[in-house]
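Below is one structure; the comments refer to it alone.
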């Protein structure tokens, strides 16, 4: 649980430069996901010769969409909550762009990455539903790695564990150091406390969703089926984990009844479930079916 991998002084900077473990793990996750996507494309793509370049182009747009969407949603939530952070953004709009200061929302990153990825896929002449089915699998393997960074910096921490359960081992619980390292986001009030290890739970949840998504993809009956089921599965796991979260910065609504992610999870799961029901007889683009022309 150390926010910085290393730090060093830079002559023209007032503060030391820190290589943050969060950024390193997010970058590692993205690179792993990109490699995995290329492997899937090589096996399941429509054009073995041209798809590699097309998907590389798409990935660059996805990367921009992930960071842009994640930051945009965080800013919107803070402004709507009228929090001190949100008020600061309104007073200094340029600071909304400073994503390196923290403040990224997974659902926003997912939406932004999917939006720009689909747009670029259509521009590249790639079947966007097919591309999304493959990309969403790799995204959750990437998230499983990236979430390790949340644990390292103390972001997305859980509630204090009741006395009766404090002896449960990691990864169920996590003991916060008595003296927090510089840059930790656990908060002084949690120093020395035993918390639910929600960061690790989100890594495990993402890994499980990714593994299930792979199996669905190999047996899908229509393009887009994998994506719809992943939205439902992830929403269920995320909603449950949010019940054990202890950080209010994520945004809570309805007098603390639901967090921002729980609201999005419910809406997303309902919408995806309706589309699954609507497509129950669809076999367009499934395993063993001809490649759709559109």
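The values are calculated or read from the model by the stated rules, or taken from the named source; none is laboratory data. Only a predicted model underlies this, so the values are computations on that prediction, with no experimental measurement involved. When we count neighbours, we look across all protein chains shown, and the Cβ atoms used for this are built from the backbone with ideal geometry, even at glycine.
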Matching residues, segment 175-196, being farther than 13 Å from residue 153 by Cα and surrounded by 18 or more Cβ atoms within 10 Å (Cβ to Cβ): 190, 193, 194, 195, 196
Selection within segment 105-125 - surrounded by 23 or more Cβ atoms within 10 Å (Cβ to Cβ) and not in a helix (DSSP H, G or I): 105
Number of the condition not met by residue 72 [criteria: (1) out of contact with any strand residue (DSSP E or B) (no Cβ under 8 Å at 6 or more places or on another chain); (2) touching a residue at least 60 places away in the same chain (Cβ under 8 Å); (3) in a helix (DSSP H, G or I)]: (2)
Any hit, segment 212-231, residues being within 16 Å of residue 148 (Cα to Cα), in contact with a helix residue (DSSP H, G or I) (Cβ under 9 Å, 6 or more places away or on another chain) and in a strand (DSSP E or B): no
Residue count, segment 25-52 (criterion: within 24 Å of the chain's Cα centre (by Cα), over 24 Å from residue 286 (Cβ atoms) and without any contact (Cβ under 8 Å) to a residue 24 or more places away in the chain): 3
Among (1) buried (at least 18 other Cβ atoms within 10 Å of the Cβ); (2) assigned to a loop (DSSP other than H, G, I, E, B), the one test that residue 146 misses: (2)
Selection count where residues are surrounded by fewer than 17 Cβ atoms within 10 Å (Cβ to Cβ) and either modelled with pLDDT of 95 or more or assigned to a helix (DSSP H, G or I) (or both), scope segment 233-243: 2
Residue in segment 197-208 that is buried (at least 23 other Cβ atoms within 10 Å of the Cβ) and not in a helix (DSSP H, G or I) present: yes
Subset of segment 163-192 (residues that are assigned to a helix (DSSP H, G or I) and over 19 Å from residue 244 (Cβ atoms)): 188
Residue within segment 142-163 that is touching a residue at least 12 places away in the same chain (Cβ under 8 Å), touching a helix residue (DSSP H, G or I) at 6+ places or on another chain (Cβ under 6 Å) and over 24 Å from residue 195 (Cβ atoms) present: yes
